[in-house]
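Engineer: My questions will all concern the structure given below.
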Amino acid sequence: MRRIRWTAALVLSLTGAGWLSGCTASQETPPDASGQLSTPGPTETAADEPAPALSDEEALEIAVETFDEFNALVGELISSQGANYEDVLAITTENMTEDNESSLEIATSGQYTTEGTMLVVKSELVQNTPEAIDALVCVDYSDVRTYDANGDLVSADRAGVVEATEIRAVFQDGTYKIDRRKKWDDSDFCLE
């Protein structure tokens, strides 16, 4: 089992400090040979920058750790009754709007809290392109508990519950974000 956390060191090592610093406004440069002042065009912003070239191993690691971070934020969303919704939005794309709104609805009902961590116990890269990283992951729910407003356990016993999930991470606004998560019905993948 491995649990990976997104760290600034990894971000800097994979993308370089320039990826995170954004851009500066255009500025005048010294006159050229004809004596004309030239003003360079606008520089790229983090939103315009292409995704870094990643090895398959790096791509899988980023997809899994971005998904781990997303899962942790959704757990916090429910427990905080929606207080960190902006954090969830920051790590997801517009394709996750329906999923995010559903989680927010549960969170703001004030009826549930969660405890524990969903762990990715197996992962496999499906595709690594500049546009997206697609992966299959097995998520272990054994450690996750859900409680009602009275503090009573309402989740079924999840010992040994491992679910296959398809995920997609895309590079957007200078960082990787979850673009899709979908239950995958191939239960054999997680048994291998």
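Engineer: Could you work out the equivalent-ellipsoid semi-axes for segment 113-166, taking the square root of 5 times each eigenvalue of the Cα gyration tensor, largest first, in whole Å?
Structural biologist: That gives 30, 12, 7 Å for the three semi-axes.
Engineer: If each residue of separation counts as 0.36 nm, what is the full-extension length gain between Glu49 and Ser109 once their alpha-carbon separation is subtracted? The partial results should precede the final answer.
Structural biologist: Details: separation 60, 0.36 × 60 = 21.60 nm, distance 3.91 nm.
Gain on stretching Glu49 to Ser109: 17.7 nm.
Engineer: Moving on. Using the Karplus curve 6.51 cos²θ - 1.76 cosθ + 1.60 with θ = phi - 60°, work out ³J(HN,Hα) for each residue of segment 99-104 in order, rounded to whole Hz, and write x for Gly and Pro.
Structural biologist: My calculation for segment 99-104 gives 4, 5, 5, 5, 5, 5 Hz in order.
Engineer: Given R₀ = 30 Å, FRET efficiency for Ala83-Asn150 by Cβ-Cβ distance, to 0.05?
Structural biologist: Values: r = 21 Å, r/R0 = 0.69.
Efficiency, rounded to the nearest 0.05: 0.90.
Engineer: Pull up all non-local amide H partners of Arg180: gap of 5 or more, or a different chain, and H-to-H distance under 5 Å with H placed in the peptide plane.
Structural biologist: Result for Arg180 returns Arg168.
Engineer: Ordered by residue, what ³J(HN,Hα) values in Hz, to whole numbers, does segment 129-137 give under the Karplus form 6.51 cos²θ - 1.76 cosθ + 1.60, where θ = phi - 60° and Gly and Pro are x?
Structural biologist: Values per residue, Gly and Pro as x: 10, x, 7, 7, 10, 10, 8, 10, 10 Hz.
Engineer: Next question, about the same structure. For Phe189, project a label point 7 Å along Cα to C-beta. Then give me every residue of segment 113-138 with its amide nitrogen under 17 Å of that point.
Structural biologist: The answer is 119-129, 132-138.
Any read-out appearing in this document is the output of simple, stated calculations on the displayed coordinates, not a laboratory observation. All values reported here derive from a predicted model rather than from experimental measurement. All Cβ positions, even for glycine, are placed from backbone atoms using ideal geometry, and neighbour counts span all protein chains on display.
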